[in-house]
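The values are calculated or read from the model by the stated rules, or taken from the named source; none is laboratory data. Model, not experiment: these values are computed from the prediction. All Cβ positions, glycine included, derive from the backbone under ideal geometry; neighbour counts span all protein chains shown.
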């Protein structure tokens with residue numbers, strides 16, 4: 001009988017996308033392996049719910065009235081392996097894995113090993129989340145050493161992010177695009193927001209307006225649209241009006257994924273949308289402030305991380321900033337525009 005695997009994931013959609021290169025690689029070598037997922041944020045199931053390696057996805061809750069019945073249900077599944085993705089609280093996830101009576105409980109730890117797990121690796125703050133997950137899954141699967149694998153052509157061809165969208169989303173994305181753009185247009189997506197709890201990571205809206213003005217002066221043929229999520233709808237609509245660009249709002253993330261597939265570039269803050277764009281290896285310019293790009297930058301060779309030289313950044317441990325977020329305030333539109341211009345020139349993009 002085949003082993004049963006449960007992946008516990010409490011982070012959001014961006015971190016799930018950062019996990020997909022590892023799952024794709026395992027599926028390539030072991031196409032019969034299937035994973036169940038226990039997710040605590042509903043959006044995180046979207047990239048993998050239709051993946052060929054996905055069996056079941058369980059929506060979990062921190063509320064005891066819902067969590068305890070789910071634990072009882074998963075316990076009856078008799079999992080051989082319960083794998084906690086990197087960076088999650090080792091104690092909480094360990095208790096979950098122990099409670100469902102998984103035979104082997106795998107994860108990482110941030111201070112010292114936890115007896116709730118059967119195998120753990122140390123969490124390294126400078127290691128990217130994708131490679132951290134690679135090391136976790138290597139405790140179970142016969143994956144090559146990471147450093148050697150980086151040099152393997154298979155790494156660049158296969159080890160990349162994926163998002164498995166619904167088929168119907170493509171038509172909706174094409175309808176949006178055909179309403180505003182021609183096939184020959186060079187279209188740039190802008191996502192100015194992020195989740196409400198991380199709103200301190202957002203770049204000033206006036207800065208986005210100034211950036212578009214600079215880019216339009218240098219490249220008059222550029223066309224823009226704004227992506228508006230439910231947490232930043234007001235700001236995104238305001239931006240779209242100020243730069244006279246259409247706003248993609250009120251659609252599923254599957255449609256956002258398919259719309260980005262039709263785009264040529266994206267400018268965004270540190271958010272899950274940048275990770276969705278990475279699935280197309282879209283040239284992207286990601287504005288980082290308090291976040292730590294060493295761990296959570298889009299896993300995309302075309303991603304350009306932009307931040308100011310501020311000594312206190314990153315400060316990902318701070319839940320609510322008491323500072324004036326100088327890391328974002330000091331990052332001026334001209335600085336971002338210069339980086340984009342340099343990339344366009346070096347890459348010889350036809351705009």
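The table for this structure:
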| item | result |
| --- | --- |
| Filter pass, residue 88 being within 23 Å of residue 141 (Cα to Cα) and either in contact with a strand residue (DSSP E or B) (Cβ under 6 Å, 6 or more places away or on another chain) or outside the structural domain of residue 130 (by TED's automatic domain parsing) (or both) | no |
| Test: residue in the stretch 117-127 that is over 19 Å from residue 18 (Cα atoms), touching a helix residue (DSSP H, G or I) at 6+ places or on another chain (Cβ under 6 Å) and at pLDDT 95 or above | yes |
| Hits in the stretch 1-57 (condition: under 16 Å from the mean Cα position of the chain (by Cα) and closer than 15 Å to residue 136 by Cβ) | 9, 10, 11, 15, 16, 18, 19, 20, 21, 22, 23 |
| Residue within the stretch 314-337 that is in the same structural domain as residue 195 (by TED's automatic domain parsing), within 13 Å of the chain's Cα centre (by Cα), part of a loop (DSSP other than H, G, I, E, B) and surrounded by fewer than 18 Cβ atoms within 10 Å (Cβ to Cβ) present | no |
| Within the stretch 100-114, considering residues that are part of a loop (DSSP other than H, G, I, E, B) and more than 22 Å from residue 2 (Cα to Cα), the one modelled with the lowest pLDDT | 111 |
| Evaluation of residue 172 against (1) surrounded by fewer than 21 Cβ atoms within 10 Å (Cβ to Cβ); (2) in contact with a helix residue (DSSP H, G or I) (Cβ under 6 Å, 6 or more places away or on another chain); (3) assigned to a loop (DSSP other than H, G, I, E, B); (4) not assigned by TED's automatic domain parsing to the domain that holds residue 93 (one fails), failing number | (3) |
| Residue match in the stretch 212-221 (condition: in contact (Cβ under 8 Å) with a residue 60 or more places away in the chain, more than 16 Å from the chain's Cα centre (by Cα) and surrounded by 24 or more Cβ atoms within 10 Å (Cβ to Cβ)) | no |
| So residue 262, is it surrounded by fewer than 22 Cβ atoms within 10 Å (Cβ to Cβ), touching a residue at least 40 places away in the same chain (Cβ under 8 Å) and under 27 Å from residue 348 (Cα atoms) | yes |
